[in-house]
Each structure stands twice: as structure tokens, then as C-alpha cells.
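One structure is given below, encoded as C-alpha cells.
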Ligand code: GLN
């Protein structure tokens, strides 16, 4: 039993999150988001009612949620979802949490799809399915193959296909890279693991301690998967088709070299993210 108001409990929770290493602003924000999640309240309702006495049973759910955040588990895993391209995606610790910069792949791929009546797309290393499902949802005439080496990730991706009503146009395949799918497609999309192994030591505890390592790390220079993707792409693209993929800070020069080594490929453009960091490669099959 408690007579505390919700804000009082949130303030106390924020203090423990600050003690766990979050900034004061993040601590307050995360405690509020988790409280709102536990209550199932909209932001509007929250603004009007956060000074109410906490309802019966609130602490029993809120306290364990805060305890998880104290271990630096990301909020998205605790609430079980994250928004991507205006849709909510179910996420578990089996999948990388969708990042805003990855939405650039969608913007670019939608434009590139304009050249096709029935775009055929493959998403290599689909994870949560955010790229594959978003493409299918945005383009009602597109069909998408989504692969992943992780079976648990594919279960999450399939649940997101159901959630967004695109199960009839997204096919999942378990396996590395193209998952044994050998038909050439119009677009290959991928957010591969690209973080250099040695960066592990300097990563945020939320990422390093909680997100799946095989979705993040790409070997010594981070480019192990990118090298294979670029090498395999020509055989999996129709002429004029595109490979559009994400990469990490400082990797643009190596990406240019890798693509220059493939006579069947042409680097059309490297797009910067909102922070001005070169982030997405747009490659054409000659
Ligand atoms: N951008 C992610 C991060 O920095 C990495 C994503 C990836 O490796 N594909 O945590």
C-alpha cells in the first residue's frame, strides 16, 4: 500500500537511475516513460494526472521496471517496443533496437522502388524486421525476403510482420546473408553489424551489455559482413538494381575502396546522417 503520488515515486526512481550513471535529464525522462508505460497512459493523461496518488498495484510493476533500467537495460526492451518510421516494432533482447539513422534506408529505398511496378526486395540481417516490414507496409505492391542468422530474431521479425499486416508479402529465411535465396532482386537493403570489435570497450552499457553482439560487431575493422555483402551483391541484383546499406563512422573511405574492387558495382552516393556522419551507401548494379 502506498499514499505516495506518482510524481513522488518517479522522483525517487529517477534518483536511483542517476546513481546508476544516467544523466539527470535521462533519469527523469526514463522514469516518467516507464511510469506511463506501467499505467498505460497517454502523454496527455499523464500531464493531467501525474500528481494523483499512485493506483493500487502501480509500485509492484514500476519497481521491477526501474530495477531493470538500473542494470542499464534499454527502455525499449523494458517496454517491449520502439518506433521506427512511425510504426511501433516489438523488440526483445534477441534484436537490435531500431535506430533513427536506419530510417534513411527506407527513404532512399522508397525512391529507388519508384522504378519498379512490383519491387522485389531483400533485407539481409533483418533483426526486428524494421526494414523489411516497413518496406512492405509502405509499398503495397512490393514483396520482401528477410533473412537472419538468428532464429530468435526471426520470431520477433515475424511478429512485427503480423503486427503491421504484411505477412502475405514478407518471407523469412533463416541463414547467413541471402539465406539461400538465389533469385536476383531489385533492391538489397541491409543494416549489417559494422562496429569494430575493439570499440566494445567504449560503447554505452545499454548497447554493449544488452543488445545482441552478433547484430553489432563486424570483426577487426567492423567490415567483415560488409565485405561479404558487397562481394555477393552482384549475383543477387538485377542489372540496374541497388544495394543500399548502413555503415559506421569513419568507414566511408574503406567502403569506397571495397565497391571500386567490384567491376559490376558502381557507388552512386554516400548519404550523411543528421549528424553529418557518412552513414548509407547507395550502390548500383551495372
Ligand atoms: N549504430 C549502431 C550503434 O552504434 C550499430 C548498428 C549496427 O552495427 N548495425 O550502436
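Side notes on the structure shown:
- Lone qualifier among 44, 8 - being modelled with pLDDT of 95 or more, over 16 Å from residue 206 (Cβ atoms), surrounded by fewer than 15 Cβ atoms within 10 Å (Cβ to Cβ) and out of contact with any helix residue (DSSP H, G or I) (no Cβ under 9 Å at 6 or more places or on another chain): 44
- Unmet requirement for residue 21, which otherwise passes all of (1) touching a helix residue (DSSP H, G or I) at 6+ places or on another chain (Cβ under 9 Å); (2) closer than 30 Å to residue 155 by Cβ; (3) surrounded by fewer than 17 Cβ atoms within 10 Å (Cβ to Cβ); (4) in contact (Cβ under 8 Å) with a residue 40 or more places away in the chain: (2)
- Contacts under 6 angstrom Cβ, first residue in the range 191-213 being without any contact (Cβ under 8 Å) to a residue 24 or more places away in the chain, partner more than 10 Å from the ligand (Cβ to nearest atom), 6 or more apart: 208/200
- Test: residue 117 is in contact with a helix residue (DSSP H, G or I) (Cβ under 7 Å, 6 or more places away or on another chain) and either part of a helix (DSSP H, G or I) or modelled with pLDDT of 95 or more (or both): no
- Enumeration of residues in the range 182-203 that are within 25 Å of residue 104 (Cα to Cα) and in a loop (DSSP other than H, G, I, E, B): 184, 191, 192, 193, 194, 196, 203
- All helices (runs of 4 or more DSSP H) inside the range 41-80 with 1 or more residues being under 21 Å from the mean Cα position of the chain (by Cα): 58-70, 75-79
The values are calculated or read from the model by the stated rules, or taken from the named source; none is laboratory data. Just so it is clear, the model here is predicted, and its values are computed rather than measured. Cβ sites come from the backbone with ideal geometry, for glycine too, and all protein chains shown count toward neighbours.
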